[in-house]
Ligand code: FES
C-alpha cells in the first residue's frame, strides 16, 4: 500500500517501512547527509539529515515516514544548523581540500558546497593524528575520518568481514582494524 507525506510542500509517496530520506530520495528530493548510505543500515550519528517533522527535529535517515506528516528540510534555519555541524566537522579534523587527492570526489566537501559554507567559522583544533600504516593491507588516515562508520557497516553488513570498528569514547573515538597487526588499538591512548 502507498501513502504520502509532504516535504517542503511537495507530496512524497512512500511504502511501509521506508524512512523519510529513502522516500525523499526515491522521489528525487535530496536531503543532505553524511553517515547515511542506501545500502547500509542507518547509523543516525552525523545529524546532517535532520529535518523538522510536524515541528520537531529528527534524523530523516532513521525516522520512518508516516502518512500525512509535514516535513521541512530546505529551510534557512535547518540549513544554518547543518552548516554549523559541517563547520564543526571541518575544524575538529584536518581537512585541507586544496591539497587533498579526494577533492572533487568527497561527500564532506560536497555537503559544505551545498550548504554554502564559505569559511570554517570556528577555530581549528589541528589535532595531532598520525596516519596508521602499520597494517599490511589497510592504511588508516585519521586526519580525514569523520567517524561516519560507513566502512564499518560496509565491511560488517555487506562483506560480512568485520574489518573495521569504532573504539574509544567522545573525542577519543577512532577507527580500528580487526587485525593482530598494527597500532590502531593503541592510537586512542596516544592521541590523548
Ligand atoms: S545521515 Fe542521518 S544522521 Fe547522518
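Residue 68 satisfies every condition listed in (1) out of contact with any strand residue (DSSP E or B) (no Cβ under 7 Å at 6 or more places or on another chain); (2) loosely packed, with under 14 Cβ neighbours inside 10 Å except (1).
Taken over the range 145-173, the criterion of being assigned to a strand (DSSP E or B) and under 17 Å from residue 42 (Cα atoms) is satisfied by 164, 165, 166.
Reported count of residues in the range 53-73, each being under 18 Å from the mean Cα position of the chain (by Cα) and either farther than 19 Å from residue 3 by Cα or outside the structural domain of residue 8 (by TED's automatic domain parsing) (or both), is 4. The listed residues are 67, 27, 23, and the only one of them that is without any contact (Cβ under 8 Å) to a residue 24 or more places away in the chain and farther than 28 Å from residue 142 by Cα turns out to be 27.
Of the helices (runs of 4 or more DSSP H) that lie entirely inside the range 1-119, those containing 3 or more residues that are closer than 30 Å to residue 129 by Cα span 76-92, 107-114.
Scanning the range 101-110 for any residue that is surrounded by 12 or more Cβ atoms within 10 Å (Cβ to Cβ), touching a residue at least 60 places away in the same chain (Cβ under 8 Å) and in the same structural domain as residue 163 (by TED's automatic domain parsing) turns up nothing.
Among the residues making up the range 33-62, those that are within 14 Å of residue 148 (Cα to Cα), more than 6 Å from the ligand (Cβ to nearest atom) and surrounded by 16 or more Cβ atoms within 10 Å (Cβ to Cβ) are 37, 40, 42, 43.
The values are calculated or read from the model by the stated rules, or taken from the named source; none is laboratory data. For clarity, every value in this text was computed on a predicted model and none was experimentally measured. As a convention, Cβ positions derive from the backbone with ideal geometry for all residues, glycine included, and neighbour counts pool all protein chains shown.
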